[in-house]
1. Would you call residue 38 more than 19 Å from residue 114 (Cα to Cα) and outside any helix (DSSP H, G or I)?
2. Only residues that are within 14 Å of the chain's Cα centre (by Cα), in a helix (DSSP H, G or I) and surrounded by 22 or more Cβ atoms within 10 Å (Cβ to Cβ): list them for segment 73-110, please.
3. If the Cβ limit is 9 Å and pairs must be 6+ apart or interchain, which residue in segment 43-60 that is over 18 Å from residue 134 (Cβ atoms) pairs with which residue that is assigned to a helix (DSSP H, G or I)?
4. From the residues in segment 55-72 that are outside any strand (DSSP E or B) and touching an Asp or Glu at 6+ places or on another chain (Cβ under 9 Å), which one is farthest from residue 27 (Cα to Cα)?
5. Among 6, 61, which is more than 13 Å from the ligand (Cβ to nearest atom) and surrounded by fewer than 16 Cβ atoms within 10 Å (Cβ to Cβ)?
6. Which one is nearest to residue 23 (Cα to Cα) among residues in segment 64-86 that are more than 7 Å from the ligand (Cβ to nearest atom) and acidic (Asp, Glu)?
7. Considering only residues that are surrounded by fewer than 13 Cβ atoms within 10 Å (Cβ to Cβ), among the basic types (Lys, Arg) and touching a residue at least 40 places away in the same chain (Cβ under 8 Å), which ones fall in segment 111-128?
Amino acid sequence: MKKDLGSAGELFPQSVFIVASYDEDGTPNAMNVAWGGECTRNEVAINIGDHKTTDNILATGAFTVAPADVAHVVEADYFGMATGRKVDKAKGSRLTFVRSDHVNAPVIDELPLTMECKVKDVRDWGGEKRFIGEIMNTRVDEAILDDEGRVDFGKMKPIVYDSTRRIYRVVGDVVGGAWDVGKALL
Ligand SMILES: Cc1cc2nc3c(=O)[nH]c(=O)nc-3n(C[C@H](O)[C@H](O)[C@H](O)COP(=O)(O)O)c2cc1C
C-alpha cells in the first residue's frame, strides 16, 4: 500500500552545510543550511530566508560552505539555532574563524573541507533568496585525503539532515561504484 503525504518534500539526504560570512564590519558568522547543494562542479546553491547571513552575503558578495562532519554536530546545530543578529556565534561555537585567502569570507579552521565562494547570482523567491556561489577554492585538511590526494568521505564522516525526524545522520558504507554497478543491467 502507498500513501500520499501531501506537498511537503521528503527528499533525502539534505545537506548540513555550514555557511560562513562576514558582515560589513568584518564580524564573522555562520549558519546551518539544509537546502543547498552543488549544482555544477564549480558552483554551489544555497536557499536561505531572512537571516544575518543573508545580509552579510548581500554586503560582501562572498561566503564559504563547509559540509559538517560528525565531530562537529553540536556546533552545526548551534549555528542553526542562534542568530548572528543577537549573538557572536564565532565566539559561542569556540571554533576558529580565519580569513579566506580567496574570497571576503571566513573559513572555519576545525572543519575539514571548505568551499570558498564568490556570489555569481542571486534570485529572490518571495522573501527567500537563492545564492549561486562560484567556487574559487576548495580547502581541505590533509587528514581526510587518501593516498592519491582525493577527499575521502569515509575518513571525514560527513553528516546529513533527516527532516522526517529532525535528526542528523552520519554518511555510511559504500554500496557500489558509480557508472559501474549498473553495468549488470546494460
Ligand atoms: C538542521 C537545520 C537546517 C537549516 N536549514 C536552513 C536552510 O536551508 N535555509 C534557511 O534559511 N535556514 C535554515 N536553517 C535555519 C538557520 O540556520 C537559522 O535560522 C540560523 O539561526 C540563521 O543564522 P544567522 O541569522 O546568524 O544567519 C536551518 C536550521 C537547522 C537547525
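The values are calculated or read from the model by the stated rules, or taken from the named source; none is laboratory data. Computed from a prediction, not measured in an experiment: that's the story for all the values here. With ideal geometry, Cβ positions are generated from the backbone for all residues, glycine too; neighbour counts draw on all protein chains shown.
1. Details: more than 19 Å from residue 114 (Cα to Cα): no; outside any helix (DSSP H, G or I): yes.
When the stated conditions are applied, residue 38 does not pass them.
2. 76, 79
3. Listed pairs, sorted by first residue: 52/89.
4. In the first step, residues of segment 55-72 are kept if they are outside any strand (DSSP E or B); the result is 55-61, 68, 70-72.
This time we only want the ones that are touching an Asp or Glu at 6+ places or on another chain (Cβ under 9 Å), so: 55-56, 59-60, 68, 71-72.
On the way: 55: 12, 56: 9, 59: 12, 60: 12, 68: 21, 71: 25, 72: 22 Å.
Result: 71.
5. Numbers: 61 fails: surrounded by fewer than 16 Cβ atoms within 10 Å (Cβ to Cβ).
Of 6, 61, the one residue that is more than 13 Å from the ligand (Cβ to nearest atom) and surrounded by fewer than 16 Cβ atoms within 10 Å (Cβ to Cβ) is 6.
6. Let us first name the residues in segment 64-86 that are more than 7 Å from the ligand (Cβ to nearest atom), namely 64-76, 78, 86.
Adding the requirement that they be acidic (Asp, Glu) leaves 69, 75.
Values: 69: 25, 75: 20 Å.
Looking at residues that are more than 7 Å from the ligand (Cβ to nearest atom) and acidic (Asp, Glu), I get 75.
7. Step one: filter segment 111-128 for residues surrounded by fewer than 13 Cβ atoms within 10 Å (Cβ to Cβ), giving 121, 123-127.
If we keep only those that are among the basic types (Lys, Arg) as well, we get 123.
Listed by number, the list is empty, since nothing qualifies.
Every residue, every condition in (1) at pLDDT below 95; (2) more than 15 Å from the ligand (Cβ to nearest atom); (3) outside any loop (DSSP other than H, G, I, E, B); (4) touching a Ser or Thr at 6+ places or on another chain (Cβ under 6 Å), yes or no:
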{"residue": "119", "(1), (2), (3), (4)": "no, yes, yes, no"}
{"residue": "132", "(1), (2), (3), (4)": "no, no, yes, no"}
{"residue": "149", "(1), (2), (3), (4)": "no, yes, no, no"}
{"residue": "175", "(1), (2), (3), (4)": "no, yes, no, no"}
